Amino acid sequence: MPDNSSTTCWISFGGNVGDVRATFDAALALLSLHSQIGLCRRSGIYGTAPMGAQAGSPFLNSVCELTTQLSACDLLKILQSVETQLGRVRTICWGPRTLDLDLLDYGTSIVDEPQLVLPHPALTYRRFVLDPLVEVNPQWSHPACKTTAAQMLDRLNQRPLRVALTDIPPERHESLSTQLRVKFPEVVIVPESEICDAVIPISMSSRRGCDGRAIVDLRRSPGDVFEKLSSALTAIFDAPVRITDW
């Protein structure tokens with residue numbers, strides 16, 4: 001049980017190299033050895049599509065709740081250390097990996113620093129995170145948006161999916177729409193002026209304030225604009241398959 005100085009956090013697990021389930025178990029074992037980390041709820045394990053042109057084969061994903069007396073930055077260092085101990089090699093951005101541990105949130109903290117953004121900027125649009133999170137904590141609330149995990153997932157399931165590019169010149173909308181319609185026929189790109197509750201804003205260069213909408217923040221995504229959008233939309237449209245309990 002957490003004490004008064006503990007912060008509750010959620011972390012995501014991902015991997016597609018080697019015996020991923022065994023790697024997940026090993027990661028939990030290493031985290032459990034730390035005196036300032038307590039493991040709590042965890043979701044089942046899901047099979048998901050790779051995100052990004054260089055990601056490789058399909059992934060396994062899950063989420064886990066923990067409590068900690070560590071700062072957010074120190075917890076992040078621990079997660080990165082566990083990744084390294086279990087064979088993570090960072091040679092290709094968003095490439096194949098033995099283990100990916102992402103800090104999704106840190107209590108109700110909102111952080112926007114070069115080395116750490118909280119809540120995780122991709123949490124709002126990655127179904128391989130939201131589906132397992134909704135399984136175990138559908139009422140988890142985004143500290144900035146005040147939108148629950150279940151509500152964010154519902155928004156991603158709208159069809160057609162209406163999105164607005166908030167910082168792309170209007171003259172590029174038509175060419176991008178044409179490209180995207182071929183790969184994602186159920187996407188409709190609308191002008192920024194048409195943003196409403198039924199439209200998901202996508203930002204390439206700034207983290208705009210959440211106003212109850214699921215913001216798609218692509219500042220840290222690799223590639224050109226089309227690659228960034230393709231990766232994000234893959235994460236939105238891929239329906240994770242729950243494979244097993246953990």
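The values are calculated or read from the model by the stated rules, or taken from the named source; none is laboratory data. Keep in mind that this is a model prediction, so the values were computed, not measured. Cβ coordinates were reconstructed from backbone atoms using ideal geometry, including for glycine residues, and neighbour counts include every protein chain displayed.
Points to keep in mind about this one:
- Once the range 41-57 is narrowed to residues that are over 16 Å from the mean Cα position of the chain (by Cα) and assigned to a loop (DSSP other than H, G, I, E, B), the residue that is farthest from Asp19 (Cα to Cα) is Ala53.
- Subset tally (residues that are among the hydrophobic types (A, V, I, L, M, F, W, C), within 14 Å of Ser12 (Cβ to Cβ) and either outside any helix (DSSP H, G or I) or modelled with pLDDT under 95 (or both)) for the range 63-84: 3
- Taken over the range 4-40, residues that are among the aliphatic types (A, V, I, L, M), in a loop (DSSP other than H, G, I, E, B) and either at pLDDT 95 or above or surrounded by fewer than 17 Cβ atoms within 10 Å (Cβ to Cβ) (or both) amount to 1.
- Within the range 219-234, the set of residues being at pLDDT 85 or above and within 19 Å of Val117 (Cα to Cα) comprises Lys228, Ala232.
- Inter-residue pairs, beta-carbon under 8 Å, first closer than 23 Å to Cys196 by Cα and in the range 214-228, second at pLDDT 80 or above and among the aromatic types (Phe, Trp, Tyr), 6+ apart: Ala214/Tyr125; Val216/Tyr125
- Filter result (over 16 Å from the mean Cα position of the chain (by Cα) and modelled with pLDDT of 90 or more) within the range 107-124: Gly107, Thr108, Ser109
- Among the residues of the range 124-163, those that are closer than 17 Å to Tyr46 by Cα and in contact (Cβ under 8 Å) with a residue 60 or more places away in the chain comprise Tyr125, Arg126, Arg127, Phe128, Val129, Asp131, Pro132, Leu133, Glu135, Val136, Asn137.
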